[in-house]
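The values are calculated or read from the model by the stated rules, or taken from the named source; none is laboratory data. What you see is a predicted model, and the numbers here were worked out from it, not measured in a lab. Note: ideal-geometry Cβ built from the backbone for every residue, glycine included; neighbour counts use all protein chains shown. Note: areas computed on protein heavy atoms with side chains; ligands, DNA, RNA excluded. Shrake-Rupley method; radii C 1.70, N 1.55, O 1.52, S 1.80 Å.
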Amino acid sequence: MEQSTERLGYVVVGVPDVAESAKFYTNVGQLTLHDLSSRTAFLGGGFDHHWLRLEQNAVRPGLQRVGFQLANHQSLDEVADRLDKRGIAHEEFGDLDGDAIDRGIRFTDPDGIQVDVFTQMLARGVKPVQDLVRMETMLHAVWFSTDPVAAHDFYASVLGFRASDWIKRNAVFMRAGNNYHHSMGIFRASPQRAGKMDHFCILVESIDDVMRARNIALRSGAQLQKDVLRHAASGSISVYIADPAAGISFEFCVEHDIVAPDHRPRILESTPISRDVWLAGTPKEEVKALTDAAMGVTSAPTRDDELAAVANQLA
């Protein structure tokens, strides 16, 4: 199938207090606040109207929706046809004044995640001035599923995503038409965690931007969910900053691979070194202790905990 999905456009995140979270993402995340109301905030870092939409939701904070941009209206109609053939309900949306989206379709994936696919977003005439953390694009989002293989099959057949790499069969990284290593990552977890987001990622210009983002976060009193590391799958150098209000983290990365269209997916080992190649050479006992400490492990895990641990270690 042709890769009609071009890229990740935005994520919609529920938070208990929109104003406070908007302040957090402008001060700690260095995003630009474009629009703010009592229940919604739009933030971004490029020409797009927004990469992050915050919505008031104290009952169910975290991921609300994920939005992908398609190539054109024909691609949108083809997605609608594929959803119809699978008996999956969908609805059209589009309101340049409200959503900043021209035309789109909204549906729900097998893990209960609401998915938007759209043609065009309202654009800014001038990119925000960024003196400290120079951002290039909204890159990817990672969430959890009870069955990453089934999730892979769904997104490949409905939206044309292609696998770039697997971690055993516990996780899959999938790319869109821009051929960045992944626009989405789907990791195995318990049913209780399925459909929840681990993080979203913004690509920045250089390692200096990653390190400045890290410094700003720490000096602002924020916590790092993962400190600086290099991923085996994408090759990216990243830092992850925790957003306790939403129960997620956001990543700044650089040197994220662009793969060839005929790239053959690898099946990587399910070890902490697949998460961070800089751990190579560290004794296994120390790697396990570091991982357990980072995850707060204090007792013997259940089977579901073990599956979730794979995702936490490697996301």
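For region 50-65, taking the residues that are touching a Lys or Arg at 6+ places or on another chain (Cβ under 7 Å) and either in contact (Cβ under 8 Å) with a residue 60 or more places away in the chain or of a type in the set (A, V, I, L, M) (or both), the one that is nearest to P244 (Cα to Cα) is identified as G62. Residue-level check: of (1) out of contact with any helix residue (DSSP H, G or I) (no Cβ under 7 Å at 6 or more places or on another chain); (2) without any contact (Cβ under 8 Å) to a residue 12 or more places away in the chain; (3) open to solvent by 60 Å² or more (accessible area, probe 1.4 Å), A280 misses just (1).
A single entry from Q64, Q56, Q30 fulfils the requirement of being surrounded by 14 or more Cβ atoms within 10 Å (Cβ to Cβ) and on the phi > 0 side of the Ramachandran plot: Q30. Residues in region 139-155 include none that are of a type in the set (S, T, Y), in a strand (DSSP E or B) and open to solvent by 10 Å² or more (accessible area, probe 1.4 Å).
Residues checked against (1) at pLDDT 95 or above; (2) over 22 Å from F42 (Cβ atoms); (3) not β-branched (V, I, T):
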residue: S75; (1), (2), (3): yes, yes, yes
residue: A80; (1), (2), (3): yes, yes, yes
residue: D97; (1), (2), (3): no, no, yes
residue: I105; (1), (2), (3): yes, no, no
residue: V117; (1), (2), (3): yes, no, no
residue: D131; (1), (2), (3): no, no, yes
residue: H140; (1), (2), (3): yes, no, yes
residue: S145; (1), (2), (3): yes, yes, yes
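The residue of region 237-257 that is farthest from S220 (Cα to Cα), among those that are open to solvent by less than 50 Å² (accessible area, probe 1.4 Å) and free of Cβ contacts under 8 Å to residues at least 40 places away in the same chain, is I237. Any chance region 28-40 includes a residue that's more than 19 Å from the chain's Cα centre (by Cα), at pLDDT below 95 and hydrophobic (A, V, I, L, M, F, W, C)? Yes: region 28-40 contains one or more residues that are more than 19 Å from the chain's Cα centre (by Cα), at pLDDT below 95 and hydrophobic (A, V, I, L, M, F, W, C). For region 12-27, give me the residue count where each residue is within 22 Å of V126 (Cα to Cα) and open to solvent by less than 30 Å² (accessible area, probe 1.4 Å). Looking only at that region, the number is 2. Just one of the listed residues (A232, A260) is open to solvent by less than 40 Å² (accessible area, probe 1.4 Å) and farther than 29 Å from Q56 by Cβ, namely A232. Put simply, of H50, H34 the only residue that is in contact with a Leu (Cβ under 9 Å, 6 or more places away or on another chain) and either within 22 Å of G195 (Cβ to Cβ) or assigned to a loop (DSSP other than H, G, I, E, B) (or both) is H50. Among the residues of region 119-136, those identified as open to solvent by less than 30 Å² (accessible area, probe 1.4 Å) and part of a strand (DSSP E or B) are M121, M135. Taking each residue of region 81-101 that is charged (D, E, K, R) and part of a strand (DSSP E or B) and looking for partners that are surrounded by 10 or more Cβ atoms within 10 Å (Cβ to Cβ) and at pLDDT 95 or above with beta-carbon atoms closer than 6 Å, six or more apart or interchain, yields E91/R106; E92/I105. Where residues in region 95-118 are aliphatic (A, V, I, L, M) and over 15 Å from A80 (Cα atoms), which of them is most open to solvent (accessible area, probe 1.4 Å)? Looking at the filtered set, the residue picked out is L96.
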